[in-house]
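These notes concern the structure reproduced below.
The values are calculated or read from the model by the stated rules, or taken from the named source; none is laboratory data. Every value quoted in this text rests on a predicted model; they were computed, and no experiment measured them. So basically every Cβ, Gly included, is an ideal-geometry build from the backbone, and we count neighbours across all protein chains shown.
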Amino acid sequence: MGGFNLGKIFGIQFRLHYTWFIIFLLITVSLSWQVFPVFYPGWSQLLYWGIGIVTSLLFFASVLAHELAHSLVGRANGIPIKSITLFIFGGVAQMTKEATKASAELKMAAAGPACSLAIGGVFALVWFLTQDITEPVAAMAFYLAQVNGLLAAFNLIPGFPLDGGRVFRSILWRVTSNYGRSTRIAAQVGRGVAYLFILSGILIIFLHPFDLSWFDGVWIAFIGWFLDNAASASYRQAQWREALRGLAASQMMTSDYGVVPPNITVNQLVQEHVLPKGRYLFLVTEEGRFKGVLTLHNIKSVPQPNWDTTQAEKIMVPVDQLKVASPEQDALSVMEQMDENDLNQVPVVSENRVIGLITRESLLRFLRTRTELGM
């Protein structure tokens with residue numbers, strides 16, 4: 001999921017997706033124009049908007065804390081977390097591998113709602129202490145206490161891949177000792193929950209076509225559509241991971257790649273390999289020994305007037321800076337390695353000689369073919 005990188009929190013990359021600005025604007029406008037003016041008449045417009053903006057920022061800080069709780073508990077249980085992205089539906093933590101034990105998934109899934117409940121409790125205490133002292137702060141705290149409680153409750157709905165769905169899967173996994181079957185059941189329940197959201201949204205639209213409830217119906221139906229897609233995608237990814245488990249890198253690698261010597265010039269490379277063959281990736285070898293990898297990105301870094309004098313070994317990524325796989329390495333661990341390091345390809349190397357290449361395209365092609373064959 002793309003967006004703006006805003007730095008790291010506890011070593012985890014934090015991002016804002018473009019759609020976050022839409023929901024931030026909607027929540028701010030709703031609070032400043034509707035919610036606070038209705039319940040707290042008499043404030044100035046500046047105060048309405050000031051408290052509205054601060055409340056929105058604190059709400060998204062609460063969402064970030066929710067995802068951080070998942071991430072830190074996951075990391076403590078051996079599940080690497082690559083990034084957290086805030087977007088239109090809240091937040092999502094990107095894992096580079098799934099839990100290997102039901103207990104680890106249960107702890108990780110429950111951590112988010114538990115964090116939201118704790119934050120809601122803190123804001124409830126702030127509201128209790130400030131309600132007779134400063135109305136704007138009390139109003140903000142009251143809203144945030146409610147919304148964090150609702151955030152915890154929503155995420156505990158047993159619809160995979162929501163937190164509640166993951167808790168449900170972890171329980172099934174613990175009882176059945178079958179990860180694949182547990183994932184399938186949890187995904188089916190998740191899609192059922194999604195359809196209920198969609199139907200509820202459509203019903204609200206038809207029952208309230210001429211008031212603001214119509215917008216609520218659209219939003220609920222949209223959330224259902226998102227949950228249905230998320231459940232399907234999560235189940236498909238789980239299937240693919242299971243399909244790779246037990247397979248070796250040598251079974252997944254392809255021989256469809258270009259090999260060039262280290263002394264070839266960039267101009268020769270472009271004229272003899274890139275343009276006529278359409279290749280974008282080359283393995284640099286010398287007398288059969290693997291030296292490095294060269295991509296279009298490396299080629300484009302060289303000014304065109306220097307193409308005749310610049311050799312491949314000067315711009316390639318040397319082997320000691322690459323992630324490589326051994327032929328017997330588990331294919332699932334290779335895919336997780338690619339996810340964790342943002343790699344599109346991993347050379348398969350034996351005794352310092354390249355024997356194959358694993359790319360995202362070759363992995364997806366293998367998995368889709370396997371699915372079509374019903375394997």
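When residues of the stretch 152-163 are filtered for being crowded, with 23+ Cβ neighbours inside 10 Å and more than 16 Å from Asp228 (Cβ to Cβ), how many remain? Result for the stretch 152-163: 1.
Screening Arg370 with (1) in a loop (DSSP other than H, G, I, E, B); (2) out of contact with any strand residue (DSSP E or B) (no Cβ under 9 Å at 6 or more places or on another chain) gives one miss only, at (1). Val259 fulfils the conditions (1) part of a helix (DSSP H, G or I); (2) touching a strand residue (DSSP E or B) at 6+ places or on another chain (Cβ under 7 Å); (3) loosely packed, with under 15 Cβ neighbours inside 10 Å except for a single criterion, (1).
Table: residues versus (1) among the small types (Gly, Ala, Ser); (2) over 17 Å from the mean Cα position of the chain (by Cα); (3) modelled with pLDDT under 95.
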| site | (1), (2), (3) |
| --- | --- |
| Gly7 | yes, no, yes |
| Ile12 | no, no, yes |
| His17 | no, no, yes |
| Trp20 | no, no, yes |
| Leu26 | no, yes, yes |
| Val29 | no, yes, yes |
| Val35 | no, yes, yes |
| Tyr40 | no, yes, yes |
| Leu58 | no, yes, no |
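Sort out which residues of the stretch 237-269 are out of contact with any Ser or Thr (no Cβ under 9 Å at 6 or more places or on another chain), without any contact (Cβ under 8 Å) to a residue 60 or more places away in the chain and more than 29 Å from Arg184 (Cα to Cα), and write them in order of number. Gly258, Asn263, Ile264, Gln268, Leu269, listed by residue number.
Restricting Ile223, Ile202, Ile157 to residues that are of a type in the set (Val, Ile, Thr) and either touching a Pro at 6+ places or on another chain (Cβ under 7 Å) or in a loop (DSSP other than H, G, I, E, B) (or both) narrows the list to Ile157. The single condition among (1) over 30 Å from Trp49 (Cα atoms); (2) more than 20 Å from the chain's Cα centre (by Cα) that His208 does not satisfy is (1). Considered as a group, the residues in the stretch 289-322 that are in contact with a Phe, Trp or Tyr (Cβ under 6 Å, 6 or more places away or on another chain) and touching a residue at least 24 places away in the same chain (Cβ under 8 Å) include one that is farthest from Pro262 (Cα to Cα), and that residue is Val319. The lone criterion from (1) at pLDDT below 85; (2) within 27 Å of the chain's Cα centre (by Cα); (3) surrounded by fewer than 19 Cβ atoms within 10 Å (Cβ to Cβ); (4) not aliphatic (A, V, I, L, M) left unmet by Gln321 is number (1).
Conditions (1) assigned by TED's automatic domain parsing to the domain that holds Leu46; (2) in contact with a strand residue (DSSP E or B) (Cβ under 6 Å, 6 or more places away or on another chain); (3) farther than 23 Å from Ile22 by Cα; (4) polar (S, T, N, Q), marked per residue:
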position: Gly90; (1), (2), (3), (4): yes, no, no, no
position: Lys97; (1), (2), (3), (4): yes, no, yes, no
position: Lys101; (1), (2), (3), (4): yes, no, yes, no
position: Ala109; (1), (2), (3), (4): yes, no, yes, no
position: Gly112; (1), (2), (3), (4): yes, no, yes, no
position: Phe123; (1), (2), (3), (4): yes, no, yes, no
position: Met140; (1), (2), (3), (4): yes, no, no, no
position: Val147; (1), (2), (3), (4): yes, no, no, no
position: Gly165; (1), (2), (3), (4): no, no, yes, no
